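J.: Supplied in structure tokens, the structure appears directly below.
The values are calculated or read from the model by the stated rules, or taken from the named source; none is laboratory data. In this text, all values refer to a predicted model and were calculated from it rather than measured experimentally. Glycine gets a Cβ as well: all are built from the backbone with ideal geometry, and neighbour counts include every protein chain shown. Just the protein is used for accessible areas: all its heavy atoms, side chains included, with ligands, DNA and RNA removed. Shrake-Rupley method; radii C 1.70, N 1.55, O 1.52, S 1.80 Å.
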Protein chains: 2
Amino acid sequence: MARRANPTPSTDLDARKATILEAVVAEHIDTAQPVGSSSVASNADLGVSPATVRSEMVSLEREGYLAQPHTSAGRIPTDKGYRYFVDHLQSGVLGAPQQHQLADFFANVRGEVEDVLEQTSTLLSQMTNYTAMVLGATHAHATIMSAQLVNLDAHHQLLVAVFSDGSVIKHSLNPVFDVDYETCAEASRQLNALLIGTTLESPVQVPSRHDHVAQLVRDAVATLHAQEPTVDGEQVFIGGSSRVAESFEGVETVRKVLSILEQELLVVGLVQDMLSRGLSVAIGSEVGYEPLSTCAVVVAPVTIDGAPAGAVGLLGPTRMKYQEAMAAAGAVSQHLARHFGGDEDHDH
Amino acid sequence: MARRANPTPSTDLDARKATILEAVVAEHIDTAQPVGSSSVASNADLGVSPATVRSEMVSLEREGYLAQPHTSAGRIPTDKGYRYFVDHLQSGVLGAPQQHQLADFFANVRGEVEDVLEQTSTLLSQMTNYTAMVLGATHAHATIMSAQLVNLDAHHQLLVAVFSDGSVIKHSLNPVFDVDYETCAEASRQLNALLIGTTLESPVQVPSRHDHVAQLVRDAVATLHAQEPTVDGEQVFIGGSSRVAESFEGVETVRKVLSILEQELLVVGLVQDMLSRGLSVAIGSEVGYEPLSTCAVVVAPVTIDGAPAGAVGLLGPTRMKYQEAMAAAGAVSQHLARHFGGDEDHDH
DNA sequence: GGCTGGCACTCAGTACAATTGAGTGCTAAC
DNA sequence: GTTAGCACTCAATTGTACTGAGTGCCAGCC
């Protein structure tokens, strides 16, 4: 199934060139070494001599699909070469043992959403040997089931909101005036009446009075609604960041990649950006962050009832095993969707 | 201030040997190279020739403080050598710019406890160039300010408990029987009456009736109390894991260390173990995990009103800058204690 | 007795040349 | 259009010699 969402639509190559390109990419992914004409000639079974392959490779290099580290070496794929390869990849299927592993995991996993996502990221990383990213759904569309104001002391209140998807937000308020137990309880009561059943996106009619209760309520609602526009609502779980050390050579690259992974907002942005561009694979420069120019990222959205509910992703070197990675990410995203979506038959 | 809590009390060395050992350690920390007799003779100002230094070094090597990578190289410290060095280190003071940075940070930081701790870990890591660990307090001693049961649907309830320290725990219940709104609300009311003002350690008199409300209440209390014994209550924030790539050479080491850092429970265990052994520095094998045998860990407890409230730590190579690291960890732990402890004059 | 200068010795690291071999580009013949 | 043949390139490997930092030991000195 050719996926054709690439930004620079690669002019289609004739059959032989395509075969050669794919052979080069496949072998380089496997061996991490430059690939020579002779091994292509023998492995890819076009009945053709190395010399012929060579002249085709020259042409592939001219067109920007391949590159040569130095004159007397084989070819390695460029980002464009990988892109062609990925676009013309038929989607693979997950190996049976991995399918079992997945099924097992989701059959037995318990606990809060966060824990499940966290563990999923570890699992996905173990399955693929790449670093895994799991984005939790934003609660933009979940309705509020409870909103409560807890009086910690005279000028510290904690706003705790519970959503229909089981997520909980807390936020502290520090009003300038003193708040006694009664005021807080009354504000809490009003908040509940005001917010239950709404989403973070619904407009809410806040009281315009000037008493302390009304001020508290206004403050709480504002805090809550202010939360959404920032990407803050998204949770990211990163599993197997130690894989970075295996995937890349050169301390400096490892450091750069790790330090990107530390910035969770950046990771969220990256994945969401890919999703919004309709990309399921970003290769090298396509990723959009210079320090990640030797990386490839595979993402798969998680969709529940047609609505986006998160995503899973994998980060590896450009010479990553795309087929496996895409299969794994896809399978995990489906399992997640089923796990959290068809929650009706949840504990069978 | 000699710190003498080391497990194998090092027999004291005579003044000259001590000076030499310290010079070797200091220089090796600085240069990462084996240190030769001549540079010690010229840098440490004991008016003595390299030859004399050499014979002392032989004896230091015999006693296990130094080691030689190969015959014709200088000496590097063993774990025991570092231990002696650390034990005889006078506690340093933080540099003025760093003190300012810290003061600035804590003067301006806002937001939830978790956010502050998270940011603190990043800050500490930036200050030292090592990986920082910040352990959040357990809420074992905080009293419950609110306990609420939210009815997500007929057999999914969410237990949300708010503690006096502003932390929130959530946990889902999946009773086998159907729960309607009223039952849930009643259980919630009873829970509140039962739990408010208690800590997770206080015994609680649960209702022994057999109706659904009582069952829910029992279930909720059990879930809540079951939580503590696991280290689950501790939160860890790890900042600057990318520093690992700089601190160690050898991909394999980097991978091992990173994969340890991924296991948060393990990190918590490690730090708490050190604290309980009264250690503020663990060197190499003292750390207690084989994969960390080339690491050193510096910890400083955070104490609020005399009670342990968390800890901060730094992880680096055995040749880490102990004085700086200890000073930074100490300063940060004190700032944290002041920030969360003397909360009275909080927003000045 | 402790310190030191002198000396022979060791050995990682470096530098350099020679060799190897994988792989290329080109061309002439099929 | 394909291919065999060939000269060429150049990273990687091997071998050799050299350097120099550092050692251990010892005889003489204070």
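J.: Scan the range A:76-86 and give yes if some residue there is near DNA strand C (Cβ under 10 Å from one of its atoms), touching a residue at least 24 places away in the same chain (Cβ under 8 Å) and within 21 Å of A:Val287 (Cα to Cα), otherwise no.
T.: No, the range A:76-86 has no match at all.
J.: A follow-up question, please. Which of the residues belonging to the range A:262-303 are without any contact (Cβ under 8 Å) to a residue 60 or more places away in the chain and closer than 22 Å to A:Val251 by Cβ?
T.: If the condition is that a residue be without any contact (Cβ under 8 Å) to a residue 60 or more places away in the chain and closer than 22 Å to A:Val251 by Cβ, then A:Glu262, A:Gln263, A:Leu266, A:Val287, A:Tyr289, A:Glu290, A:Pro291, A:Leu292, A:Ser293, A:Thr294, A:Cys295, A:Val297 are the ones that fit.
J.: Within the range B:25-37, which residues are farther than 13 Å from B:His88 by Cβ and assigned to a helix (DSSP H, G or I)?
T.: Residues of the range B:25-37 farther than 13 Å from B:His88 by Cβ: B:27-37.
B:Glu27, B:His28, B:Ile29, B:Asp30, B:Thr31, B:Ser37, listed by residue number.
Results for (1) in the same structural domain as A:Cys295 (by TED's automatic domain parsing); (2) within 25 Å of A:Val257 (Cα to Cα), shown as yes or no for each residue.
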site: A:Ala103; (1), (2): yes, no
site: A:Arg110; (1), (2): yes, no
site: A:Glu114; (1), (2): yes, yes
site: A:Gln119; (1), (2): yes, yes
site: A:Leu123; (1), (2): yes, yes
site: A:Asn129; (1), (2): yes, yes
site: A:Val134; (1), (2): yes, yes
site: A:Ala154; (1), (2): no, no
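J.: Right, next: Checking B:Ala15 against (1) crowded, with 17+ Cβ neighbours inside 10 Å; (2) within 25 Å of B:Glu324 (Cα to Cα); (3) of a type in the set (Gly, Ala, Ser), only one condition comes out false. Which one?
T.: In the conditions (1) crowded, with 17+ Cβ neighbours inside 10 Å; (2) within 25 Å of B:Glu324 (Cα to Cα); (3) of a type in the set (Gly, Ala, Ser), B:Ala15 misses (1) alone.
J.: Taking the range A:205-224, which residues are open to solvent by less than 50 Å² (accessible area, probe 1.4 Å) and of a type outside the set (Val, Ile, Thr)? Don't jump to the end; show me each part of the working.
T.: Taking the range A:205-224 first, the residues open to solvent by less than 50 Å² (accessible area, probe 1.4 Å) are A:207, A:213-214, A:216-217, A:220-221, A:223-224.
Passing the criteria: A:Pro207, A:Ala214, A:Leu216, A:Ala220, A:Leu224.
J.: Next up: If I go through the range B:257-267 residue by residue, how many of them are facing chain A (nearest Cβ under 8 Å) and either open to solvent by 40 Å² or more (accessible area, probe 1.4 Å) or not in a helix (DSSP H, G or I) (or both)?
T.: Total meeting the criteria: 1.
J.: So which residues in the range B:176-204 are of a type in the set (Asp, Glu) and surrounded by 15 or more Cβ atoms within 10 Å (Cβ to Cβ), if there are any at all? Reasoning before the result, please.
T.: Just the residues of the range B:176-204 that are of a type in the set (Asp, Glu), to begin with: B:178, B:180, B:182, B:186, B:201.
Answer for the range B:176-204, where residues must be of a type in the set (Asp, Glu) and surrounded by 15 or more Cβ atoms within 10 Å (Cβ to Cβ): just B:Glu186.
J.: Among the residues of the range B:230-245, write down those that are of a type outside the set (S, T, N, Q) and either crowded, with 19+ Cβ neighbours inside 10 Å or assigned to a strand (DSSP E or B) (or both).
T.: Of all residues in the range B:230-245, those of a type outside the set (S, T, N, Q) come to B:231-234, B:236-240, B:243-245.
Once the filter is applied, which keeps residues that are of a type outside the set (S, T, N, Q) and either crowded, with 19+ Cβ neighbours inside 10 Å or assigned to a strand (DSSP E or B) (or both), the range B:230-245 yields B:Glu234, B:Val236, B:Phe237, B:Ile238, B:Gly239, B:Gly240, B:Arg243, B:Val244, B:Ala245.
J.: Right, something else. Determine which single condition B:Leu194 fails, assuming it passes every other condition in (1) closer than 28 Å to A:Gln157 by Cα; (2) at pLDDT 95 or above.
T.: (2)
J.: Restricting the search to the range B:46-88, which residues are within 14 Å of B:Arg16 (Cα to Cα), near DNA strand D (Cβ under 7 Å from one of its atoms) and open to solvent by less than 30 Å² (accessible area, probe 1.4 Å)?
T.: Listed by number, the list holds a single entry, B:Met57.
J.: Looking at B:Ala44, B:Ala73, B:Ala67 in this structure, which one is modelled with pLDDT of 95 or more, over 25 Å from the mean Cα position of the chain (by Cα), within 16 Å of DNA strand C (Cβ to nearest atom) and not assigned by TED's automatic domain parsing to the domain that holds B:Ala282?
T.: Values: B:Ala44 fails: modelled with pLDDT of 95 or more; B:Ala73 fails: modelled with pLDDT of 95 or more.
Exactly one residue qualifies, and that residue is B:Ala67.
J.: While we're here: Against the conditions (1) open to solvent by 20 Å² or more (accessible area, probe 1.4 Å); (2) in a helix (DSSP H, G or I); (3) under 23 Å from B:Gly313 (Cβ atoms), where does B:Glu249 fall short? Just the number, please.
T.: Going through (1) open to solvent by 20 Å² or more (accessible area, probe 1.4 Å); (2) in a helix (DSSP H, G or I); (3) under 23 Å from B:Gly313 (Cβ atoms) one by one, B:Glu249 breaks only (2).
J.: Sticking with this one: With the requirement that a residue be more than 10 Å from chain B (Cβ to nearest Cβ) and polar (S, T, N, Q), what does the range A:135-156 give you?
T.: Hits for the range A:135-156 are A:Thr138, A:Thr143.
J.: In this structure, does A:Ala137 turn out to be open to solvent by 10 Å² or more (accessible area, probe 1.4 Å) and closer than 23 Å to B:Gln148 by Cα?
T.: Details: open to solvent by 10 Å² or more (accessible area, probe 1.4 Å): yes; closer than 23 Å to B:Gln148 by Cα: no.
Judged against the criteria, A:Ala137 is not a match.
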